[in-house]
Amino acid sequence: MDERMRIRASEADSILTQNLVTRFPMSCVCFEPVFDPCGNIENMMILYVNAEFEAIIGMPRDMMEGKTIVSVFGVMSAECVADILKLLSEAYRSESKTCEVKARVLGNIYKVSFLFADDAHLLAIFEDIHARYFRKHYHRSIPRDIVNASIAKAQLSVPQSEPEQDAQTGVAGMRMMPLNMDGIKPLMLITDTSDFTESYDVVFRDPLTGLYDRVFAMEALRMYVDSGVMPLSIALGDVNGLKTINESLGFRAGDDLLVKIAGILVDNCRSDDVVARWNDGQFMLLLPRAPQSVTQQIIKRLQTKLNAICKDAYHIVTFGYATCEEEQRSAEDLIREAEKWIYQKKLLINQSHRSSIIRLLISMLQEKSAETQEHSGRMANHCRWIAKKLHLSDEMIDDLILLSMLHDIGKVGIPDTILNKPGPLTAEERLIINRHPEIGYRIAQTVPELRQVAVYILAHHERWDGTGYPKGLRGKEIPIASRIIALVDAFDVIITGRTYQPARSREEAIAELRRCSGTQFDPELVAIYVQLLVEEA
């Protein structure tokens with residue numbers, strides 16, 4: 001193999017490794033070991049990190065990639081970095097060329113698996129085992145004293161529906177108390193389970209939201225029932241459309257939504273209420289000393305706050321509740337009744353739910369990019385003009401109106417730093433933003449009401465001369481709806497401006513459309529649109 005072929009093969013391997021790290025489902029880093037004259041690893045260059053690793057470290061990749069592990073992580077714990085380098089030197093000389101350690105990173109416990117792909121590439125995979133680890137090593141039983149104190153307080157208190165001023169003061173409150181990090185380094189290897197301290201009830205917390213988990217909630221409910229606390233209510237809240245959001249926008253968007261919902265539940269319940277994550281898409285509220293009327297007030301307040309997440313587009317959480325006021329009921333009976341009410345409510349809202357998801361997507365797009373309701377409205381009106389001039393069907397007009405709102409929905413999958421960059425994009429950034437038609441196509445495919453416009457979304461950046469993307473379609477291979485939306489969108493962007501270009505006059509915009517006729521735009525559509533614009537003026 002000559003030198004040129006060797007370099008080409010090395011570049012191909014690097015691209016493959018980078019893609020592997022970037023797309024790996026768990027936190028992942030690729031290092032290049034730096035050896036001393038004795039063959040020991042004395043440092044490591046950080047080659048690639050993925051978004052999951054950025055999240056657990058709390059540091060952007062441009063502050064890590066291209067730098068050494070000593071310079072980046074040595075400030076956290078030089079001792080820990082030295083221990084890791086020593087372990088890796090031993091692993092490199094072993095037959096398997098692998099090793100595993102448990103490490104605390106900024107308060108969370110991870111199993112870190114190291115694998116030498118070759119002499120120049122070392123992969124590190126971080127698996128979050130925080131909750132599992134503490135369940136194994138935390139020897140206390142369910143913290144009954146927390147619930148008992150809440151029960152004692154509830155039996156003496158006057159029923160109320162409003163949250164107290166300080167939501168963190170409640171004994172059975174929901175906020176995760178800050179970890180006791182005194183004497184604990186932000187980065188350390190775990191070799192002895194007695195080497196650390198931990199928040200008293202962390203073992204019963206959901207690692208994503210910080211709420212109590214199902215085990216704690218069920219035990220607490222049984223304790224309330226066994227202690228005869230009445231009135232006693234429970235409420236279950238089921239997140240609507242979580243599966244669709246996960247499929248269309250990715251699991252990170254779904255996780256962000258769950259965290260946001262958890263925060264609203266915490267801030268708007270009373271201090272003695274217990275909020276728990278019941279399962280993947282459900283939350284439970286335990287409401288001691290809450291009769292039916294108070295429970296309804298609490299749920300109404302929560303519904304108002306939660307609906308604001310999607311700008312009142314729809315009920316983002318469906319609640320069902322159950323109460324025992326005079327006659328004792330079992331924990332299982334209360335749960336069954338709450339689940340029954342959720343099921344019945346979901347049957348009623350199911351028909352309108354898909355259109356609500358569309359409104360949520362529009363809301364998310366408007367928050368993410370420069371797309372506004374006014375921009376979509378102007379585009380819809382101009383699309384309607386052109387469609388009527390071409391005698392297109394009413395169904396096509398409806399599709400164009402929907403397309404005017406959602407043609408750029410794929411931008412919700414593009415980083416904000418690229419979308420809102422004031423200056424010109426780099427070649428790599430341009431490749432990333434050019435993926436938004438394909439991302440939008442996949443999102444539209446997950447919502448039945450959008451499938452008819454998915455192909456139009458995919459093609460709205462194709463060009464008449466065949467130099468567009470993603471497929472390089474030419475002329476009338478491009479769907480008519482995509483050709484119309486591309487033309488109308490370009491005009492509106494020119495006259496309103498964006499972060500990367502100032503607004504220009506109407507006359508300049510018309511001149512630009514004429515200049516690009518036959519190359520970027522369908523010349524027949526340009527002639528019709530320009531005529532309509534001139535007549536409107």
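The values are calculated or read from the model by the stated rules, or taken from the named source; none is laboratory data. Source: prediction; values computed, not measured. Using ideal geometry, Cβ is built from the backbone for each residue, glycine included, and neighbour counts are taken over all protein chains shown.
Some points to look at:
- In the condition set (1) part of a strand (DSSP E or B); (2) under 17 Å from LEU106 (Cβ atoms); (3) of a type outside the set (S, T, N, Q), ALA55 is compliant with all but (1).
- Scanning segment 104-118 for residues that are surrounded by fewer than 18 Cβ atoms within 10 Å (Cβ to Cβ) and within 29 Å of PRO207 (Cα to Cα) turns up LEU106, GLY107, ASN108, LYS111, SER113, LEU115.
- Pairs, first of a type in the set (S, T, N, Q) and modelled with pLDDT under 90 in segment 496-518, second in a helix (DSSP H, G or I) and surrounded by 12 or more Cβ atoms within 10 Å (Cβ to Cβ), C-beta under 9 Å, six or more apart: THR496/HIS375; THR496/ARG378; THR499/LEU419; GLN501/VAL493; GLN501/ILE494
- Within segment 193-216, if we keep just the residues that are in a helix (DSSP H, G or I) and surrounded by fewer than 19 Cβ atoms within 10 Å (Cβ to Cβ), the residue that is modelled with the highest pLDDT turns out to be ARG214.
- For segment 61-91, the set of residues classified as among the hydroxyl-bearing types (Ser, Thr, Tyr), farther than 21 Å from ILE190 by Cα and either outside the structural domain of ALA120 (by TED's automatic domain parsing) or modelled with pLDDT of 90 or more (or both) consists of THR68 only.
Quick grid of which residues meet (1) closer than 19 Å to THR304 by Cα; (2) polar (S, T, N, Q):
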residue	(1), (2)
ALA217	no, no
MET223	no, no
ARG252	no, no
ASP255	no, no
ILE261	yes, no
ILE264	yes, no
ASP267	yes, no
ASN279	no, yes
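- Residue list for segment 92-118, restricted to those being of a type in the set (Ser, Thr, Tyr) and more than 19 Å from GLU32 (Cα to Cα): TYR110
- Residue in segment 464-473 that is in a helix (DSSP H, G or I) and not assigned by TED's automatic domain parsing to the domain that holds ALA253 present: no
- Count - residues of segment 470-488 that are of a type outside the set (S, T, N, Q) and closer than 20 Å to GLU512 by Cβ: 7
- Of all residues assigned to segment 467-482, none qualifies as being aromatic (Phe, Trp, Tyr) and either closer than 18 Å to MET379 by Cα or surrounded by 19 or more Cβ atoms within 10 Å (Cβ to Cβ) (or both).
- Subset of segment 386-407 that is in contact with a helix residue (DSSP H, G or I) (Cβ under 6 Å, 6 or more places away or on another chain) and charged (D, E, K, R) - its residue that is surrounded by the most Cβ atoms within 10 Å (Cβ to Cβ): ASP399
- Here LEU249 meets each of (1) more than 19 Å from LYS411 (Cα to Cα); (2) buried (at least 19 other Cβ atoms within 10 Å of the Cβ); (3) of a type in the set (A, V, I, L, M, F, W, C) with one exception, condition (1).
- When the residues of segment 89-101 are filtered to those that are under 34 Å from the mean Cα position of the chain (by Cα) and crowded, with 16+ Cβ neighbours inside 10 Å, the one that is nearest to ARG252 (Cα to Cα) is VAL101.
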